[in-house]
Every structure is written in structure tokens, then in C-alpha cells.
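Trainee: Take a look at this one; I'll ask things after.
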Amino acid sequence: MQVIYIMWLRQLKRYWRSKSRMLGSLGQPLLFLFALGFGFGSVFQKAGQGNYFDFLAPGIIAMSILFNAMFNGIEVIWDRQFGFLKETLVAPVSRFKIMAGRTLGGATVAFIQGIIVFIIAAMFGFKINLAAIPLALLFMFLIAILFTAIGIAIASKMDDMHAFPLIMNFILMPLFFLSGALFPLDNLPKAMDFIVKINPLSYGIDGVRGALTGASHIGILNDFIVLSALIVIVGILGSWLFSKVEA
Amino acid sequence: MKKEIISVKNLSKNFKGFKAVNNISFSINEGEIFAFLGPNGAGKTTTIKMLTTLLKPSFGEITINGFNPLVEKDAARHSFGIVFQDPSLDDELTAYENMEFHAILYGLNKKIRKSRINGLLKFVELWDRKDEQVKHFSGGMKRRLEIARGLIHHPKILFLDEPTLGLDPQTRNHVWKYVLELNKKEGMTVFLTTHYIEEAEKVASTVAIIDHGKIIKTGSPLQLKNQTKSKSLEDAFLKLTGHDLREEKASSRDSMRQNRRMWRR
């Protein structure tokens, strides 16, 4: 237990001490939130879909969690290249604990970033049902855990940083754009609908949005089941991949 | 009768058909300072990685402090401390936090942790800098901290992979002073690699010379000098391994190292 705790604490300390990263990773979500939220607001309203800012905010909260969570993958590769990973790999502790501590730490950091975006959105008029906040936080945490685990699993199979832009462009961006973060899921073309349905992020966003605004497309319980099942699967797969890492 | 603490039999490691380590055998007695010398790419680091459970051997047997590192992994891991060739500290953490992180990974309780960390930070003369983030440390200070960290769990064997690389003569002297002190006082076995042959000559009780994945000579520095009729161990080394330059392909790791230097500026 102490091993998991110290791995977790390390992630939090690193996060707290690099304020530039904290601020830097807020830039993109806030740009999306304000430019799109206020830019498309009137079109969305005219189409009879209600307030776009309220619709968009959960998507952008999820986006900031997604990006921060996947960033943990970069950190693992970083540690691997620069030696710190070896220090943990020669220690007499199970790989599972190392992976679990790292995942929890990374997920906590991503979760905090999500909360910051949440608060900023609320300050700029995001209307929320206060009683629903705990449920929304639960979904935010599930998103954070799932994508941190995915990021670390991918990183266990890569040994240099040059491949990471590839992941950004071919995994991260499609996950975000094809998720229902930016648009409603009803009446999509068939192919698009299929892609959105196999995207795990869609379920996370739908859960957060359903909790906060009451407008769930998939159903909150379904969202919860899908996310939890995926966390278990990715957790097992990731632990197995991480146990194979050689320095 | 001296006790064998490391024994290696017919050890090999192949990387995609390339034999990085080719059927080597040696044994090290408790309390020895064993220097593993060889040109770049000779197989030193690969051997250390296999001895320290970071890499699986392709063939052969290893015994560390009576344990087989493939089977009794954690027992073997408790037996040694290691200072890697590349720095492996967390730059964002303080010196004390780096030490504490390590101590917790090795399962030490709070009281023991505190007293050992305090003692070791004083031993490597970093006590007054303990609450500073490691990123503000010089290369020599980082090295000293890594040596201290490797000792927290009282290992029987200390692995040092190029411990003095890139350090100024003062720090190098200090590093060897610590190592000799540990070896004398605690009877700690030391396994080291270095390119500074004259340093190995000064501290090592046994030297093994490895080239192209094979051990070509083992013996005390004096024996090697006598056998090759050389004035210094360095001459003996050059006679045994030849004067040719080693051409190595840059690995992605090397390019990362360069990138890091750039970013750190």
C-alpha cells in the first residue's frame, strides 16, 4: 500500500511544482470552450438545441482530462529514457503496484485539471444542477483513470519519444473530435454514429453531461457500466504489458 | 575460505542475432572490488542489467548473494544497490524526497528510514542541501546522492556503472573515497565499470576485461600488467583490446541523451 501511495504522491508533487504545465495544459481547452462555445452559440440556439455553452462545457472538461491523462504516457517514456523508471524497476516491489500507483497519481492530476476547467466554465455561465456534481465528479474520475491507464499501456510498448506525436494525431485528436464533445449524438450519419459508439470517450462525456445537464443520450447507467468494464480490461492489459518492460 | 557472492556461468544475451554478451563466466568473492573493463559496446552494461534483474539472459546462470535473479527476484533485488550509468533521480523532487522514495520502495519503516537517510546524506556531504530540488544540483552532487540512495537498504553488493563519468577530479576522488570506505568498513562487495582505467587500477582487487561480448582476461591489476609486460593497467588494456576505434551506431537512447542536453540549457 505504501508503495502505491509514494508513487501517487510523487506524481502530485511533480504536478504541483511545475506550474507552467498546470497553466499550459489549460490553454487549449479554454480556447475551445470560449471560441466554440460563444462562436457557435447562436447557430445552435437557432437550430432549437438550446444553450451551446452548456452543451459544450462537459465535452471540454472531458477533453482536458483526456489530454492530461494521456500525457502520463509521455511521462513514462520520459522516465524510461532518463533513467528514473529503472530505479523503480530494480526495486523489490511488484510491477503491478508501480503501475497502479502511477495510474492513480496520473489520474488524480488529470482529474484536478478537469475540475479547474469545470470551475472556470461555471464562472462564465455554465448552468449546472448542484445536486448532480458528485455524480459528474465520479464520471470525470472514471475518464481520468481509463485514459491514464491507456496512456501508460501504450507507453510500455514504446521506447522513444519520437513516436508520441503520432499518438497525438492518430489517437488523441480522433478520440476528442469523434466523441460527442462538440456535437449532439442524435441523427448522425450511420458511419459516424458507429465510430462515436466505439469511442470510449463518448461514454465519459455522455455521463458527465447527463449528470450535469440531465441530457444523456446513451443513459447514465450504460455509461457507467461501459467505462468500468473498460477500466478493468485496460488495467489487466496494461499491467501485463508493463510487467514485460525491460530497461 | 572466501565466500562467493556473485557467480555467472555461460551467460549470453542476443539482441536480434547480435551477440551482446557471448558465453561469459566469472565469480566474485565477498568483499572484493571487481572492475569490469571494456571498450564501448563491449557488453558491460548489458551484463550489469542481467545481473540486476533488468534484462533476461538468453542463456546461462546467475547467482546473486545465493539467489537466482530470475526466480527469487525480490530477494536478489534486496541484495544489491545500483548506481546507473545515466542519472536516475527525479529532478523535481528534493534530495531527501528521492532518498525517502527509495527507502519506501525497499520497505523500510519510518524510524529506520529517517536515521539511515540522515546518516547517508551526511556521509556524501549533502546534508545541508537535503531540501533542495535535485534539478539545481551539479553532476557531482547528483552522483553522490545516487550513491547514498543505493546504500539505504544496506545492500551486500553495490553496482556502479561508470560512476565517475563526466565528473571533475575532485568529485571523482571523493566518489572513490566513499567506495573504498564502504568496502573496508562494511565489507561491501563492489562491481564497477569505468573507462578511467587508472582509477580501476587504484581501487580494484580483481579486473576482468571484456571485449566483443567475451571476457578476454581476468586477474588482479598486477597480474594483468605482468602478463602483458605493461607499465600500467591502461597499457595492458590497450594491448589486450587493440587500438582500433569502436564504431557504434547511435541508438535512440543516444539521440535522447543529446536532446536532453539541449532542453536542459
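The values are calculated or read from the model by the stated rules, or taken from the named source; none is laboratory data. Predicted model only: the values in this text are computed from it and were never measured. As a convention, Cβ positions derive from the backbone with ideal geometry for all residues, glycine included, and neighbour counts pool all protein chains shown.
Trainee: Checking A:F170 against (1) part of a loop (DSSP other than H, G, I, E, B); (2) surrounded by fewer than 19 Cβ atoms within 10 Å (Cβ to Cβ); (3) not aliphatic (A, V, I, L, M), only one condition comes out false. Which one?
Mentor: Result: A:F170 fails condition (1) only.
Trainee: Right, next: Could you figure out which of (1) surrounded by 21 or more Cβ atoms within 10 Å (Cβ to Cβ); (2) out of contact with any helix residue (DSSP H, G or I) (no Cβ under 8 Å at 6 or more places or on another chain) isn't true of A:A47?
Mentor: (1)
To keep it simple, each residue is scored yes or no on (1) within 30 Å of B:G139 (Cβ to Cβ); (2) touching a strand residue (DSSP E or B) at 6+ places or on another chain (Cβ under 7 Å); (3) within 14 Å of chain A (Cβ to nearest Cβ); (4) aliphatic (A, V, I, L, M).
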| position | (1), (2), (3), (4) |
| --- | --- |
| B:A42 | yes, yes, no, yes |
| B:E61 | no, yes, no, no |
| B:I64 | yes, yes, yes, yes |
| B:D86 | yes, no, yes, no |
| B:N98 | yes, no, yes, no |
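Trainee: In region B:108-125, how many are within 11 Å of chain A (Cβ to nearest Cβ) and either touching a Pro at 6+ places or on another chain (Cβ under 7 Å) or in contact (Cβ under 8 Å) with a residue 40 or more places away in the chain (or both)?
Mentor: 1
Trainee: Test of understanding: among B:D128, B:D91, which residue is surrounded by fewer than 18 Cβ atoms within 10 Å (Cβ to Cβ), closer than 30 Å to A:K19 by Cβ and either facing chain A (nearest Cβ under 9 Å) or polar (S, T, N, Q) (or both)?
Mentor: Details: B:D128 fails: either facing chain A (nearest Cβ under 9 Å) or polar (S, T, N, Q) (or both).
The unique qualifying residue is B:D91.
Trainee: Now a separate question. Which residues, taken from region A:78-110, are surrounded by fewer than 22 Cβ atoms within 10 Å (Cβ to Cβ) and of a type in the set (F, W, Y)?
Mentor: Listed by number, the residues that qualify are A:W78, A:F82, A:F96.
Trainee: Mind listing just one residue for me: the one in region A:218-247 that is at pLDDT 95 or above and small (G, A, S) and, of those, surrounded by the most Cβ atoms within 10 Å (Cβ to Cβ)?
Mentor: Per the criteria, the residue is A:S228.
Trainee: Having 3 or more residues that are within 14 Å of chain B (Cβ to nearest Cβ) and closer than 24 Å to A:H162 by Cβ is the bar; report the helices (runs of 4 or more DSSP H) wholly within region A:1-101 that clear it. Give the steps one after another, and end with the answer.
Mentor: Numbers: elements: A:2-17, A:19-39, A:41-46, A:52-81, A:84-89.
Per the criteria, A:52-81, A:84-89.
Here's the yes/no breakdown for (1) modelled with pLDDT under 90; (2) among the hydroxyl-bearing types (S, T, Y); (3) loosely packed, with under 12 Cβ neighbours inside 10 Å:
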{"position": "B:E162", "(1), (2), (3)": "no, no, no"}
{"position": "B:Q170", "(1), (2), (3)": "yes, no, yes"}
{"position": "B:K184", "(1), (2), (3)": "no, no, yes"}
{"position": "B:A204", "(1), (2), (3)": "no, no, no"}
{"position": "B:T241", "(1), (2), (3)": "yes, yes, no"}
{"position": "B:S255", "(1), (2), (3)": "yes, yes, no"}
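Residues checked against (1) part of a helix (DSSP H, G or I); (2) within 14 Å of another protein chain (Cβ to nearest Cβ); (3) in contact with a Ser or Thr (Cβ under 8 Å, 6 or more places away or on another chain); (4) surrounded by 13 or more Cβ atoms within 10 Å (Cβ to Cβ):
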{"residue": "A:I150", "(1), (2), (3), (4)": "yes, no, no, yes"}
{"residue": "A:K197", "(1), (2), (3), (4)": "yes, no, no, yes"}
{"residue": "A:S202", "(1), (2), (3), (4)": "yes, no, yes, yes"}
{"residue": "A:S216", "(1), (2), (3), (4)": "no, no, no, yes"}
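Trainee: Quick one: in region B:133-146, of everything that is surrounded by fewer than 22 Cβ atoms within 10 Å (Cβ to Cβ) and under 20 Å from B:R116 (Cβ atoms), which residue is farthest from the chain's Cα centre (by Cα)? I'd like the intermediate steps shown before the answer.
Mentor: So the first thing to find is which residues in region B:133-146 are surrounded by fewer than 22 Cβ atoms within 10 Å (Cβ to Cβ), and the list is B:133-142.
Filter once more, keeping what is under 20 Å from B:R116 (Cβ atoms): B:134, B:141-142.
On the way: B:V134: 21, B:M141: 17, B:K142: 15 Å.
Of everything passing the filter in region B:133-146, B:V134 is farthest from the chain's Cα centre (by Cα).
Trainee: Which of the numbered conditions does A:I120 fail, given that it passes all the others? Conditions: (1) β-branched (V, I, T); (2) at pLDDT below 90; (3) assigned to a helix (DSSP H, G or I).
Mentor: Only one criterion is unmet by A:I120, namely (2).
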